[in-house]
Each structure stands twice: as C-alpha cells, then as structure tokens.
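Engineer: Mind having a look at this structure? Questions to follow.
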Amino acid sequence: MNRPPKTFLRFFRWFCHPRLQKPIEGDLMELYEERIKELGKSKANQKFRLDVLQLFRPSIIKPVDGTYRLTNYGMLKNYFRVSMRNILRNKTFSFLNVMGLSAGMASCILILIYVNHELSYDSYNEEYDNTYRIVHYYGNQEQVVSGDSLPINEYQVWGNAPVGPALKRYFPEVKSVFQFTSPNSWLVQYKNKNFQESNLIFADSTAFSVFSWPLLGGDPNTALAEPNTIVLTKQLAEKYFGDENPIGQVMQFDGQYQYEVTGVLDLPLNSHFEFDGLISMETFKNIRPQIFESWGYVDFYTYFTLENSATIEQVQARTDQFIKESFDGSYGYTIKYETLADSYLHSEAGRQPGKTGSLNNIYIFTSVAIFILLIACINFMNLSTARSVERAKEVAIRKTIGSNRKALISQFLVEAIVLTFIAAVFACGLIVVGHSYLEFLSGKTLPVEWLFSAKNVLSAIGALIFIGSIAGSYPAFVLSGFKPVKVLKGSFKTSSGGVWLRKSLVVFQFTLSIILLVGATVVSKQLSYLGNHDLGFDPEQVMVIDFGYDQKVQQQLKSIKAEFLKHSDVVNVSASRATPGDFFPNAGTGIADPISGELVYKDPAIYEVDEDFVPTFKMSMAAGRNYSKDFQSDSANSMLLNEAAARFFGYPNPEDVIGKSFEQWGREGTVVGVIKDFNYVSLHKEVEPLTLRYSRNINASVISLRINSSDYGRTLNELESIWNEVAPHYPFVTKFTNANFNKQYEADQRFGMIFTVFSSLAIFVACLGLFGLTIYSTSQRTKEIGIRKVLGSSAHRIVSMLSLDFIKLFLVALVIAIPASWFTMQSWLDGFAYRISIGWEIFLIAAIVTLLISLTTMSFRTIKAALSNPIDALRNE
C-alpha cells in the first residue's frame, strides 16, 4: 500500500545510470517508508518528489552515448568539440565575431525593449479593444452642415461636458462613459506645510470601470462617488503620508475645501494619462454646476466603452443625427471617435490629455535595430568566407578520410551556432549594463520581465539558431563543396562568387553606415535649429512664479508687482493666465467681417495678459498699440491679436483689422493692436491664431519677471524673500521660460540621443568587421607586399594599394545611400513646421566621416603590413 508517486519513480528509473539505479532506489524506498511512519503519507510523497528532482544531476544521469544511434549525440559532441577548438585557435577572428554579434544582438534587444514599451501603451486595460474617446470639432458651421469631410487634425480631444451623458442616453451600445477635466492647481495644506499640486483632475466615478487602474487601497465602486473625495496616486500618497495608511485621511485644499482620501491607485507606466490625483466630479458639480449644461464650455475629456456585441461603426453611422437632436448651438460643432489603441501613437487630434508617442520614431528605431543586426551578421559572413581558403585543406583532408558533405555542412553550421550562443552570453551582459543607460536616455522606466516569458525564451533560442544558421550558411555550403584533389595539389583558388559576395556585403554595410550617419547629422542639425530659431519673443532671463490662481495673491497683484519692481535686477513684471509653452484655452470669438462688417465667429486660442506682458517678453507690434494704463477702456473694451489671428479672420494686412469690433466671452469692443507672430507652442506647428485678452486679476495665475543679473543665485534668494513677505501662505514655485518652453522638445532631444548612440554602435560594429577583413586581406597579400617592397615600392603606395579596393566599394555604397537617407530623413522632418533643409553638405559630412573612420580602422593593419620586414614575408617562399 505504501507506494511512492508512480510518475516520479518512473522518471527516476528513466534518467538514472543503470549501475547506480538499484542502490539509490533502495535508499529512496527505505527513506520513504521511514517518513510515512514519522510524517504521514502525504508529506512523505512530497519529500519523495523533492528527492527525485534533486537527484537529477550530471553525476547520476545516464550517459547520452547509449542513445547514440537514435540521436547522434556522439556526433554532435564531436561537432561541438571541434567548433570550440577552431574558435580558440583563431582568437582574433573569433573575438571580432563575438564582439560584433554581441553588440549587434544587445543593441537590437535594447531597442526592442524600448519599442515594445511604446507599443504597449494602455494595453493593460481589460476593455482595451472596446474603449474609445470623443474628439471634437469647433469651427465653421457651413462645413458641418454641408457634411464636408474634415481632416482629423482639425479636431481636438478637449471638449465639453454635456456630450458624455447625452451619448450614454442616446446610444444603447454605450456601456459606460468616463469624463475628466484638464489639470488644476491647488494649494494643499498638510501638517503645517504648504504645497502646490498642479496636476490634479476632476474625474467621474466610472474611472475604474472604464480603465483598469489598480487600486492599492479603497473601493473602486465608491472611491469617487461622493463629493469632497480624492484618490491619490501612489507617489503622491507617499509624499504626504509616507508609510501611514492614507485612506480616511482629510487634506485641506486652497484653505477652504476638505477632501477625504478614499483610494490610492498605482498608475501603470505605459499609460498615456498623466495625473497625480483624481478629485470626484461631484465636487466640481457643486462648485460650478452651470458648465455641465454648456456645450460651448471646453474643459473635459470623454472616454467610453461599448457593449461587447456593438461596434463603433454602428455608433458613427448615427452620430450626425445624435448631434442634430442633442446640440442646438449657433456655431459649428461635430464629433468623431478614436480608439484607445490609437490614443498614444496614432492620434493627430489636438489638445491631448497626456503624452503622445511618435510612430515615425518607432519605425526609425526598428530600422536601426535591424540595421545593427544585419551589419553584425554581415561581419560574420564576411570573416567566415574570407577564411575559407585557410580551412580548405581541413575540408580536403576530412573528405579524403571519408567525411561526406552533409557532415561537413553540419560541422560548420554548429560552429556558427556555437559562436552565436557565445555572443548571446556576452550580449546579456551588455543588456544588463545598457538597460539602465537606455532608461536614462529615454526618461522612462522600461520593464524587461516580459523578455523572460517561456514563449520569448523559446523564441530567442530559435532566433539564435536562425541567426547562426544564416550567418554560417554560405561558408558551410561553399567550404563543403571544395574538391579535395585540387586543394591538396595546391591548385585551389578562391571562387569569384565568394569574392563578389564579400564585396556586395561590404557595400551593403557601408550603405547602412552612411544612412545612419546622415540620419544622426540631420537629427542633430534639426535640434540645434529648434534651439536657435527666432521665436518672435525673448524667453531668456524671464522667471515665472506660478501661484495657481490663488485668490489672496490675485487680490494684491498690483502691490506684489510694485514690490518686485523695486528690486534693482528686475526690469519688467507682468501678470497673466499663461506664458509661452503653457496650457491655454480656446475662446469663441467674433470679429467684424472685412466686407459685410458683421461678426464672424471662430475659435482661436486665447491668452489673458496685462499691459506689461508684451514688453516683459520683448514682443513686437505689427500694427496698432499695446494695452496701456493711459486707456481705461482697455480693461473691458479692447483686444490684441497676433498676425495669424488677423489672417484667420480675413485681414492679411494687420493694419486693416485695427478698430474692427469684436465679441468674446461676454466682452465687446474694438481691436487696438496686432502683435507680430510668436511661437507660443512648439516649432512642430505653424503659429496659430491667438487672441490676447486683457486680464483681470481673477484670471491671472502666473507672474513673469524679466531679470538682468550677474549673480542669479543671489537675485533668486532675494526675490524669494520678497515673495515670502507679500505671500507667506503660498510656496515660491518658479520656472524659467526658456527651460519651460524647451520641455516641448524633450521627446525630440531624447530621440536624438538614442538615435545617435545606436547609430554609433552600428558604425562600431561595422568597423570591427572592416578591421577583420583588413587583417585577412593583408595576410593573404603578405608575399605580394614583400615583393613590392623589395622592388622599391614605398610604404605610402602599399597602404594606398591596400585601401583602394575598399574606397571603390565605399563610393558605390555612397551612391546608394544618398537617395535612401534623403527620403528617410525627409519623412522625419515632415513632423516639424519649422525645419532645416537637407543640403549636399550633410551628405558630404557623412561621407567624409564614414571614409575617415573606415580608413582609420584599416590603417591599424595596413600600415603595419606596409612597414613589415619583406624578408619575413619571403623567407618561406
């Protein structure tokens, strides 16, 4: 009755060496019987299973020679042994191959880690394939009525509140709707300390039914159901509460609101949303209930999920009728839908709720990964085919003593695969080192756990076998086809096919290197252009104090500005709602038509500024005048436009719009000035229409100071002291306009750094292969070099002779690489409204650099060969 687990007993008898099986099995059974008496049968079975697994080790396993006839393990062992001998015997070539392959594989995997992270955005959601969002169009009523097809870049994700509930009521296919607002700034008081939190949003209670955001604490069904409740992100909860449990804690906001913490969420790294906390939407409804019925008030993002049986095409087909029945405004308005899967990489709509990626960058990085791996494989093939002559006698002797071609092919393929696996081991080390550096360059946390899934591990092993087989295929089949008689008689010569293949591969390698170098040069020049482009205003030396619409600060803005102006280093002070590079709204604006004189309504962007905004940022007037204290009507009856807005409303000549009537957000009056266009958003876009409305104190949120100082550290300390005197309740939160504006190019700069690093690695791998070919080429022509030197040839002529063949191949590659690189980088530059032109000098620079690197790489060997003693080369002739 006391029998051990049958499966494990059979497994033991299968793997155990026959000579050891009986005594070990006897001991196992004896120990099993004792454990039954002491521990019981269940625990004894567990111990038995563990003992069997622990016995599965090399000293006990039966030898594989016993299965020789079935599996040819003995022959594989021999292949492996011979492969290791050849690898160790030819240390230089093996080292170059391993270095090239390991660098290529490591670079490819690192890029794959980055690309996989970019492609995985929002895929953690359970409703990923069934979640959509609304994109809104505000503009020309005639286009909406006539049904003209509007491009998606005319739409924006930012929209109104009523559309969400209306969508849920109208379409039975809609399962759940989730809305949230743009970020708000709050003054948070906790434990006698004041903090500014500028990334908190109001959100519906349906947040956790639409998105799979894991809650570390709290009930997802009720966390945002009640007013005056807040869900914090893990990072914000740790900032305020440390190791304490935040659930149930009360936080004070803006000195008047008490919000209870009802949840803590861990926002996934691959989410296109960016927020630090969610305040219940019921709280917002209590503060400003009227905006939830206004189709013209824009401050909401709307996402929704469909029933499993529904499709978005069904909803889209009835959307026009939905708009007609639900919306009755006088301005143009319509909507479309985007899938959640398109939100990060594929969306062209404006006013995104968070960060977006670049599909072009994904294509470029994937191409670079393939290029690097191809270059590494080309190196392997080139070096292997180049050494074919040296191994010809080995093949001939093997054939003479009876080896068939199939066995020789197997031998060389195994050698290539073994070398590939050795390179993979080194590649793993490079990946460990390079991963943290890649995270630093990308500014993202890049998970790697997915690499170690069973599927990916098996795929990696298969890929290594495939790479080794492809890289070793040509030498395996060519070497195995040598005629032993010709080789042993000394009449064997390298085939022209092998030479041409080697040359073709070198051309291909040069082509890829030039393309990457042109790409790196274009990226560098474009980023430099962005940094030096005339923006239409001067962002240097302008410090911005963000007080987040604090009412106490707003009430004393005039006196605060006066206090700052007393400082000798402060040149100008301005109060406004936003500064260049900040978030800004759009405003329904009517301006008199140039022909009929009737108000024409459109939806330009809006800045709310005071009379000091223009001089503080050193902007220029194109027509009319700036706001002035000398004109009391400016605060209620005047407006400034930029040149793009003047053209937008039909006035190509800025002078013509001066004095025209306007209406905007309940304010009426005349246009008094036109500012020259300035880039208030990134140079990815053309300057768009902008109205500059006179700001009342209640609309201001920042104070801008133009500073002229030789000691900024001292000046900032003194300005902070002034702030602590005039606004002691609010933290001194500052930023410099140039740094804030340049944040818009952070993704481009990181792309440039990553692209340059991996392009450099690709060229390095190419140089390894070129160095190996040079070693082979010079070794094959050693006697020729000796004879030439004896006959009087100079070292310079010999170096030129050895380099000439590679220069010819380089010129062929240059002809191929120029159009290919031009087309590729032209596509990348299309993402910028302001961009460089790709001139001939870029290709010249890339060609010269590539040629110099190549010649320098070859010179280490060619010069040594040219300076060698000819007697040593001719002694054995």
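Engineer: So which residues in segment 19-56 are open to solvent by 50 Å² or more (accessible area, probe 1.4 Å) and not in a helix (DSSP H, G or I), if there are any at all?
Structural biologist: Once the filter is applied, which keeps residues that are open to solvent by 50 Å² or more (accessible area, probe 1.4 Å) and not in a helix (DSSP H, G or I), segment 19-56 yields only Phe56.
Engineer: Sticking with this one: Give me a count of the residues in segment 164-181 that are open to solvent by 10 Å² or more (accessible area, probe 1.4 Å) and either over 15 Å from Phe211 (Cα atoms) or small (Gly, Ala, Ser) (or both).
Structural biologist: Summing the residues that are open to solvent by 10 Å² or more (accessible area, probe 1.4 Å) and either over 15 Å from Phe211 (Cα atoms) or small (Gly, Ala, Ser) (or both) in segment 164-181 gives 7.
Engineer: Among the listed residues Val250, Val231, Val264, which satisfies the condition of being in contact with a strand residue (DSSP E or B) (Cβ under 7 Å, 6 or more places away or on another chain) and without any contact (Cβ under 8 Å) to a residue 12 or more places away in the chain? Working first, answer last.
Structural biologist: On the way: Val231 fails: without any contact (Cβ under 8 Å) to a residue 12 or more places away in the chain; Val264 fails: without any contact (Cβ under 8 Å) to a residue 12 or more places away in the chain.
Result: Val250 is the single residue among Val250, Val231, Val264 that is in contact with a strand residue (DSSP E or B) (Cβ under 7 Å, 6 or more places away or on another chain) and without any contact (Cβ under 8 Å) to a residue 12 or more places away in the chain.
Engineer: Next up: Only residues in segment 564-586 that are within 25 Å of Ser710 (Cβ to Cβ) and touching a residue at least 24 places away in the same chain (Cβ under 8 Å) count as the first member; pair them with residues that are among the β-branched types (Val, Ile, Thr) and open to solvent by 10 Å² or more (accessible area, probe 1.4 Å), Cβ under 8 angstrom, at least 6 apart or cross-chain, and list the lot.
Structural biologist: From residues that are within 25 Å of Ser710 (Cβ to Cβ) and touching a residue at least 24 places away in the same chain (Cβ under 8 Å), the pairs are Phe564/Val570; Phe564/Ile722; His567/Ile722.
Engineer: Have a look at His684, His729 and point out the one that is within 30 Å of Trp828 (Cβ to Cβ), assigned to a loop (DSSP other than H, G, I, E, B), open to solvent by 20 Å² or more (accessible area, probe 1.4 Å) and not β-branched (Val, Ile, Thr).
Structural biologist: His684
Engineer: Another question about this same structure. For segment 654-668, give me each residue that is open to solvent by less than 60 Å² (accessible area, probe 1.4 Å), in a strand (DSSP E or B) and farther than 15 Å from Glu608 by Cβ.
Structural biologist: Ser661, Glu663
Engineer: From Asn270, Asn308, which residue is under 26 Å from Tyr337 (Cβ atoms) and touching a His at 6+ places or on another chain (Cβ under 7 Å)?
Structural biologist: Among Asn270, Asn308, only Asn270 is under 26 Å from Tyr337 (Cβ atoms) and touching a His at 6+ places or on another chain (Cβ under 7 Å).
Engineer: Do the conditions hold for Val177, that is, is it in contact with a Pro (Cβ under 8 Å, 6 or more places away or on another chain), assigned to a strand (DSSP E or B), in contact (Cβ under 8 Å) with a residue 60 or more places away in the chain and β-branched (Val, Ile, Thr)? Steps first, answer last, please.
Structural biologist: On the way: in contact with a Pro (Cβ under 8 Å, 6 or more places away or on another chain): yes; assigned to a strand (DSSP E or B): yes; in contact (Cβ under 8 Å) with a residue 60 or more places away in the chain: yes; β-branched (Val, Ile, Thr): yes.
When the stated conditions are applied, Val177 passes them.
Engineer: Continuing with this model, one more query. Of all residues in segment 530-556, which are of a type outside the set (S, T, N, Q), open to solvent by less than 20 Å² (accessible area, probe 1.4 Å) and in a helix (DSSP H, G or I)?
Structural biologist: Leu530, Val553
Engineer: Sort out which residues of segment 706-720 are outside any loop (DSSP other than H, G, I, E, B) and open to solvent by 60 Å² or more (accessible area, probe 1.4 Å), and write them in order of number.
Structural biologist: Within segment 706-720, Tyr712, Arg714, Asn717, Glu718, Glu720 meet the criteria.
Engineer: On to the next question. Taking the stated definitions as given, is Lys561 in contact with a Ser or Thr (Cβ under 9 Å, 6 or more places away or on another chain) and not small (Gly, Ala, Ser)?
Structural biologist: On the way: in contact with a Ser or Thr (Cβ under 9 Å, 6 or more places away or on another chain): yes; not small (Gly, Ala, Ser): yes.
Here the answer is yes, as Lys561 does meet what is asked.
Table: residues versus (1) surrounded by fewer than 17 Cβ atoms within 10 Å (Cβ to Cβ); (2) over 30 Å from the mean Cα position of the chain (by Cα); (3) more than 15 Å from Ile763 (Cβ to Cβ).
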| site | (1), (2), (3) |
| --- | --- |
| Met801 | yes, yes, yes |
| Phe810 | no, yes, no |
| Ile816 | yes, no, yes |
| Ser821 | no, no, no |
| Arg835 | no, no, yes |
| Gly839 | yes, no, yes |
| Ile845 | yes, no, no |
| Ile848 | yes, yes, no |
| Met858 | no, yes, no |
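Engineer: Could you list, in sequence order, the residues of segment 734-744 that are part of a helix (DSSP H, G or I) and open to solvent by 10 Å² or more (accessible area, probe 1.4 Å)? Write out each step before concluding.
Structural biologist: Within segment 734-744, the first condition is being part of a helix (DSSP H, G or I), and the residues that meet it are 737-744.
Passing the criteria: Asn738, Ala739, Asn740, Asn742, Lys743, Gln744.
Engineer: Inspect segment 776-787 for any residue being in a loop (DSSP other than H, G, I, E, B) and open to solvent by 10 Å² or more (accessible area, probe 1.4 Å) and give the result as yes or no.
Structural biologist: So far as segment 776-787 goes, yes, one or more of its residues are in a loop (DSSP other than H, G, I, E, B) and open to solvent by 10 Å² or more (accessible area, probe 1.4 Å).
Residues checked against (1) open to solvent by 30 Å² or more (accessible area, probe 1.4 Å); (2) modelled with pLDDT of 90 or more; (3) part of a helix (DSSP H, G or I):
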| site | (1), (2), (3) |
| --- | --- |
| Glu313 | yes, yes, yes |
| Pro353 | no, yes, no |
| Asn361 | no, no, yes |
| Ala376 | no, no, yes |
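Engineer: Every residue in segment 585-605 that is assigned to a strand (DSSP E or B) and either touching a Leu at 6+ places or on another chain (Cβ under 8 Å) or open to solvent by 30 Å² or more (accessible area, probe 1.4 Å) (or both), please.
Structural biologist: Correct list: Asn586, Gly590, Ile591, Ala592, Leu599, Val600, Tyr601, Lys602, Ala605.
Condition check ((1) at pLDDT below 75; (2) open to solvent by less than 40 Å² (accessible area, probe 1.4 Å); (3) among the charged types (D, E, K, R)) across all residues:
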residue	(1), (2), (3)
Cys428	no, no, no
Val433	no, no, no
Asn456	no, no, no
Ala463	no, no, no
Phe482	yes, yes, no
Val485	yes, no, no
Lys489	yes, no, yes
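Engineer: Among (1) within 24 Å of Ser760 (Cβ to Cβ); (2) in a loop (DSSP other than H, G, I, E, B); (3) modelled with pLDDT under 80, where does Gly357 come up short?
Structural biologist: (3)
Engineer: So is Ile703 open to solvent by less than 30 Å² (accessible area, probe 1.4 Å) and over 30 Å from Arg625 (Cα atoms) or not?
Structural biologist: So Ile703 fails the test.
Engineer: Next up: Looking at (1) open to solvent by 20 Å² or more (accessible area, probe 1.4 Å); (2) part of a helix (DSSP H, G or I); (3) within 14 Å of Ile134 (Cα to Cα); (4) aliphatic (A, V, I, L, M), which is the only condition Ile323 fails?
Structural biologist: Exception for Ile323: condition (1).
Engineer: Here's something else I'd like to know. Has segment 606-621 got at least one residue that is open to solvent by 10 Å² or more (accessible area, probe 1.4 Å), in contact with a strand residue (DSSP E or B) (Cβ under 6 Å, 6 or more places away or on another chain) and without any contact (Cβ under 8 Å) to a residue 40 or more places away in the chain?
Structural biologist: Within segment 606-621, not a single residue is open to solvent by 10 Å² or more (accessible area, probe 1.4 Å), in contact with a strand residue (DSSP E or B) (Cβ under 6 Å, 6 or more places away or on another chain) and without any contact (Cβ under 8 Å) to a residue 40 or more places away in the chain.
Engineer: Please find, among Phe275, Phe292, the residue that is within 20 Å of Ser182 (Cα to Cα), among the aromatic types (Phe, Trp, Tyr) and under 36 Å from the mean Cα position of the chain (by Cα).
Structural biologist: Of Phe275, Phe292, the one residue that is within 20 Å of Ser182 (Cα to Cα), among the aromatic types (Phe, Trp, Tyr) and under 36 Å from the mean Cα position of the chain (by Cα) is Phe275.
Engineer: Would you point out the residue of segment 564-584, among those that are surrounded by fewer than 18 Cβ atoms within 10 Å (Cβ to Cβ) and of a type outside the set (Phe, Trp, Tyr), that is farthest from the chain's Cα centre (by Cα)? Spell out how you get there, then give the answer.
Structural biologist: Step one: filter segment 564-584 for residues surrounded by fewer than 18 Cβ atoms within 10 Å (Cβ to Cβ), giving 565-568, 571, 583.
Checking the rest, the ones that are also of a type outside the set (Phe, Trp, Tyr) come to 565-568, 571.
Numbers: Leu565: 43, Lys566: 46, His567: 44, Ser568: 45, Val571: 40 Å.
Among those that are surrounded by fewer than 18 Cβ atoms within 10 Å (Cβ to Cβ) and of a type outside the set (Phe, Trp, Tyr), it is Lys566.
Engineer: Next up: Given the conditions (1) in contact (Cβ under 8 Å) with a residue 40 or more places away in the chain; (2) out of contact with any helix residue (DSSP H, G or I) (no Cβ under 9 Å at 6 or more places or on another chain); (3) not acidic (Asp, Glu), report the number of the one that Phe440 does not fulfil.
Structural biologist: The single condition Phe440 does not satisfy is (1).
The values are calculated or read from the model by the stated rules, or taken from the named source; none is laboratory data. Keep in mind the model is a prediction, meaning the values are calculated, not measured. Cβ: placed from backbone, ideal geometry, glycine included. Neighbour counts: every protein chain shown. For accessibility, only protein heavy atoms count, side chains too; no ligands or nucleic acids. Shrake-Rupley method; radii C 1.70, N 1.55, O 1.52, S 1.80 Å.
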